[in-house]
Amino acid sequence: MDRERLGAWAGILSGIGLAGEAAFFMLSGWSAEAFSSFDGAIGILREGGHFLRLAVVFGIFNLALLALFFAGLAERFDRKAPALGGAVLYLGLVGVAAHSIVPIGFYSGVPLFQDLAGRPDAAVLWKGFKMLLDVAQGAGLFFMGLSMIAAGIGSWTHRLLPAGLGVVAILAGAMSVLTPLAFGTFLMPAAGLFAMGGILLSILFRFWGGLALLRPAEP
């Protein structure tokens, strides 16, 4: 199996997996407001911790598949636009590496904080834990967003992917980049919308992008 075909199937599976990951996060009762404090988070960890751990297992495997998807996209781009192919691959891999801290951290952190409930220092430890994951998530979204924007630009300038997919890639990338950049700015009220829009468009981008890689590139 060549790199493009491997990346194609990885993209399709990653898109399906991201949808499953989001579904299990919602089943766990997760919300940004609840997780902002230990008192709000511990109730969710106790009641829906098993769903949260299942969600992050999906997340870990999704990121591995996403790395293969970026490699497949880069292989397609190397034919006409090697610079853009490098941007798609390397920015994407940096994003995957940074974002991987989030699911791995949650997988270890859920049982840890369930055991720490009731300790006087639990709230302080949670604050540091959440800050680390927020930074990792922000870095991951930023670099993966830039990678998707590069893929979208290549779709338009070199017709390496369908034009409609290029639009989806640019929108998904822009929303992913804006999600961490919105904090502390006038865009803060829209951060949740950017995050949700970025997830939905990323699911579409991965699935559609995988299907596009299964087809031969235009001569």
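The table below gives the values:
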quantity: Qualifying position, being surrounded by 15 or more Cβ atoms within 10 Å (Cβ to Cβ), within 17 Å of Q137 (Cβ to Cβ) and either of a type outside the set (F, W, Y) or free of Cβ contacts under 8 Å to residues at least 24 places away in the same chain (or both), among L45, L68, L73, L63; calculated: L63
quantity: Index of the failed condition, L178 passing every other in (1) crowded, with 18+ Cβ neighbours inside 10 Å; (2) under 12 Å from the mean Cα position of the chain (by Cα); calculated: (2)
quantity: Residue match in region 124-132 (condition: among the basic types (K, R) and surrounded by 14 or more Cβ atoms within 10 Å (Cβ to Cβ)); calculated: yes
quantity: Residue among G154, G140 that is modelled with pLDDT of 95 or more and in a helix (DSSP H, G or I); calculated: G140
quantity: From A71, A67, A34, residue being in contact with a Gly (Cβ under 9 Å, 6 or more places away or on another chain) and closer than 18 Å to L125 by Cβ; calculated: A34
quantity: Residue in region 4-20 that is part of a helix (DSSP H, G or I), more than 27 Å from D78 (Cβ to Cβ) and not polar (S, T, N, Q) present; calculated: yes
quantity: Residues of region 21-42 classified as among the hydroxyl-bearing types (S, T, Y), part of a helix (DSSP H, G or I) and surrounded by fewer than 20 Cβ atoms within 10 Å (Cβ to Cβ), total; calculated: 1
quantity: Flag if G184 is over 15 Å from G11 (Cβ atoms), over 15 Å from the mean Cα position of the chain (by Cα), modelled with pLDDT under 95 and not hydrophobic (A, V, I, L, M, F, W, C); calculated: yes
quantity: Matching residues in region 87-102 - criterion: being buried (at least 17 other Cβ atoms within 10 Å of the Cβ) and more than 15 Å from S202 (Cβ to Cβ); calculated: A87, L89, L93, V94, A98, S100
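The values are calculated or read from the model by the stated rules, or taken from the named source; none is laboratory data. A quick note: this is a predicted structure, and the numbers were derived from the prediction, not measured. We place every Cβ from the backbone using ideal geometry, glycine too, and count neighbours over all the protein chains shown.
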